[in-house]
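Visitor: After the structure tokens below, expect a handful of questions from me.
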Amino acid sequence: MAAKPKRYSIFSLARNALSYHQGWQRAWRDPDPKSDYEVVIVGGGGHGLATAYYLARECGIRDVAVVEKGWLGGGNTGRNTTIVRSNYLWNESAGLYEHAMKLWEGMSSDLNYNVMFSQRGLLHLAHSVHDMQEIGRRGNAIYLNGIDSEFVTPEQVREMVPFINLDCRYPIHGALLQRRGGTARHDAVAWGYARAADNLGVDIIQNCEVTGFQIEDNTIRGVETTRGRIGAGKVGCVVAGHCSVLAEMAGFRLPVESFPLQALVSEPVKPIIDCVVMSGAIHAYISQSDKGELVIGAGSDAYVSYSQHGGFDTIEHTVGPIVELYPIFSRLKMLRQWGGVVDVTVDRSPLISKTPVNNLFFNCGWGTGGFKATPGSGHVFAHSIKNGNMHPIAEPFSINRFNAGALIDEGAAAAVAH
Amino acid sequence: MFLIKCPWCGYRDQTEFSAQGEAHIVRPEDPYQLDEEQWGDYLFFRKNPKGIHHERWVHSHGCRRWFNVIRDTATDHIHATYRPDEPIPELSSEETSKPA
Ligand SMILES: Cc1cc2nc3c(=O)[nH]c(=O)nc-3n(C[C@H](O)[C@H](O)[C@H](O)COP(=O)(O)OP(=O)(O)OC[C@H]3O[C@@H](n4cnc5c(N)ncnc54)[C@H](O)[C@@H]3O)c2cc1C
Ligand SMILES: [Zn+2]
């Protein structure tokens, strides 16, 4: 194993500055796959890397590989608009997303990596009487689950976002505010978990695509990859938009469809908006990155596609309302636009589950909104893999809920909004 | 974004249409005979393939008729469209290996 990575600190920064930043170590090794691991995690996005980290850190399982077909975070993790919140309606969701929120609050120091988690506050706008009823119901449910949530008036919205147009085609009747909500740096989350997991002995193997599963007696024995066969006692599959493709390799189907989801950023401007504003009704949300770009997200394109790009009509549906709500942005240039492939379930809640194959676990179905859950998802998935039984927080998110009818319908809280 | 050939109206912009999911899912003859697993499977579980996909579209802002599309979901290339009463067109191997 390589030399123990040095901790990042103000002193290491100063020391490396003196040597013109030539002395930094690489953040994780680049090993060849071994022939066998106790656990193989398929997918090197935030959720897969977090799973590997918590396996090594909390479950005493360090004989772990993460196999990623491209580069770390190159899937939805590195494409997402980084909104973090835990204001979901149902108790099951509150348990899961708030578990994640608490882990976010300590993540940078836990990982010794600055994930730039910024609890800048998140406004969810209500544009109609019905929207007000929805946030009324959800806000009270959230509050009863012990999660922060406040109702704010249009005037209070204007205090937070002085240039917002309250009385436009999408009039603002009020909003739900989660002050602990905010944003984080997406790449840093993947890299921070990768570095910390590698540090504990996890092998992170990039450019290694899983092309099949080795299954004997309905039990997983390993994965076939573009870099050869890798044996495994247990396999956790965390591949987001490609979950159905891997499920097919293992011989079953999932209650999931994969859609394009797009986002765009503007040219950088001086600080103008210091919170996140979202609106489920008009499929548009906005925040500002530390670089100054406005980060704008859309609703998903409404057809199955793995193309990683959607239609311009969806972008138009997004920037139209943005300009209505914030006329000041009408002459901003957009710099970049891209798409991811999001794995959407009918009830807009994830799958964290055993599968019909023994010792093969899936964690997917996060759809348009799983970044916020990254630490919590990895944490409960690691414990579930270790124990062979689902962690109590993960239990309700079993694939079987679609047969039993016990859906966790977060359509209103999660369908468009992230 | 792409053009879709409505079997009745011809080529139109995709924004005139709406996608309605996997095609050729047949409603069970007698739902009461199904167990939970079969019923859940019928309602919620989908192929969601990366590659050739048979799906239903409706020409919402045109003739408002339903039809089927064979589309490659990796590239969004449309191989064929056909009416509900037509058999599923056979794709030649040349057709399915066509780039987008
Ligand atoms: C435009 C956009 C905006 C979004 N905005 C938000 C937001 O604001 N807030 C929020 O909470 N969520 C948001 N999301 C959703 C969020 O990005 C995802 O739910 C989350 O990042 C999923 O993480 P993951 O680790 O499960 O998946 P991914 O990051 O997609 O990782 C899966 C990995 O699996 C790899 N893989 C696939 N197939 C194979 C194979 N056969 N072998 C090996 N590896 C394979 C992929 O290459 C990929 O790196 C957004 C998503 C998009 C696309
Ligand atoms: Zn037509």
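Visitor: If you take the residues in the range A:280-300 that are open to solvent by less than 10 Å² (accessible area, probe 1.4 Å) and at pLDDT below 90, which one is farthest from the other protein chains (Cβ to nearest Cβ)?
Guide: So the residue we want is A:ALA284.
Visitor: Next question. Name every residue in the range B:49-80 that is surrounded by 19 or more Cβ atoms within 10 Å (Cβ to Cβ) and farther than 18 Å from A:GLU257 by Cβ, in order of residue number.
Guide: B:HIS59, B:PHE67
Visitor: Hey, another quick one. When the residues of the range A:247-265 are narrowed to those that are over 30 Å from A:HIS283 (Cα atoms) and open to solvent by less than 20 Å² (accessible area, probe 1.4 Å), which ends up farthest from the other protein chains (Cβ to nearest Cβ)?
Guide: Among those that are over 30 Å from A:HIS283 (Cα atoms) and open to solvent by less than 20 Å² (accessible area, probe 1.4 Å), it is A:ALA250.
Visitor: With the structure loaded, tell me whether A:THR345 is over 26 Å from B:GLN20 (Cα atoms), among the polar types (S, T, N, Q), away from ligand 1 (no atom under 11 Å from the Cβ) and within 14 Å of chain B (Cβ to nearest Cβ) or whether it fails that test.
Guide: no
Visitor: Please go through the range B:1-16 and pick out each residue that is more than 9 Å from chain A (Cβ to nearest Cβ) and either within 16 Å of ligand 1 (Cβ to nearest atom) or open to solvent by less than 40 Å² (accessible area, probe 1.4 Å) (or both).
Guide: Residues satisfying the conditions are B:ILE4, B:CYS6, B:GLY10.
Visitor: How about the range A:1-24: which of its residues are farther than 19 Å from A:SER109 by Cβ and surrounded by 11 or more Cβ atoms within 10 Å (Cβ to Cβ)?
Guide: A:ALA2, A:ARG15, A:ASN16, A:GLY23, A:TRP24, listed by residue number.
Visitor: Could you tell me whether any residue of the range A:197-208 is touching a residue at least 40 places away in the same chain (Cβ under 8 Å), among the charged types (D, E, K, R) and open to solvent by 30 Å² or more (accessible area, probe 1.4 Å)?
Guide: no
Visitor: Could you check how many residues of the range B:56-77 are under 12 Å from the mean Cα position of the chain (by Cα) and closer than 11 Å to B:PHE17 by Cβ?
Guide: 6
Visitor: I've got another one for you. Could you tell me whether any residue of the range A:301-316 is open to solvent by less than 10 Å² (accessible area, probe 1.4 Å), over 19 Å from A:ILE272 (Cα atoms), more than 14 Å from every other protein chain (Cβ to nearest Cβ) and not in a strand (DSSP E or B)?
Guide: no
Visitor: While we're here: Look at the range A:36-76 and say how many of its residues are within 14 Å of ligand 1 (Cβ to nearest atom) and assigned to a loop (DSSP other than H, G, I, E, B).
Guide: The qualifying residues number 12.
Visitor: I'd like to check which strands (runs of 3 or more DSSP E) are fully inside chain B and have at least 2 residues that are hydroxyl-bearing (Ser, Thr, Tyr), at pLDDT 95 or above and within 16 Å of ligand 2 (Cβ to nearest atom).
Guide: Output list reads B:78-82.
Visitor: Which one is farthest from the other protein chains (Cβ to nearest Cβ) among residues in the range A:236-246 that are of a type in the set (Gly, Ala, Ser) and part of a helix (DSSP H, G or I)?
Guide: If we take residues in the range A:236-246 being of a type in the set (Gly, Ala, Ser) and part of a helix (DSSP H, G or I), then A:ALA240 is farthest from the other protein chains (Cβ to nearest Cβ).
Visitor: Considering only residues of the range A:390-405 that are without any contact (Cβ under 8 Å) to a residue 40 or more places away in the chain and touching a helix residue (DSSP H, G or I) at 6+ places or on another chain (Cβ under 7 Å), which is most open to solvent (accessible area, probe 1.4 Å)?
Guide: A:ALA404
Visitor: Against the condition touching a Phe, Trp or Tyr at 6+ places or on another chain (Cβ under 8 Å), closer than 28 Å to A:LEU246 by Cα and modelled with pLDDT of 95 or more, how does A:ILE220 come out, does it pass?
Guide: It is true that A:ILE220 is touching a Phe, Trp or Tyr at 6+ places or on another chain (Cβ under 8 Å), closer than 28 Å to A:LEU246 by Cα and modelled with pLDDT of 95 or more.
The values are calculated or read from the model by the stated rules, or taken from the named source; none is laboratory data. All of these numbers come straight from a predicted model, not from anything done at the bench. All Cβ positions, glycine included, derive from the backbone under ideal geometry; neighbour counts span all protein chains shown. In case anyone asks, the SASA skips ligands and DNA or RNA and just uses the protein heavy atoms, side chains included. Shrake-Rupley method; radii C 1.70, N 1.55, O 1.52, S 1.80 Å.
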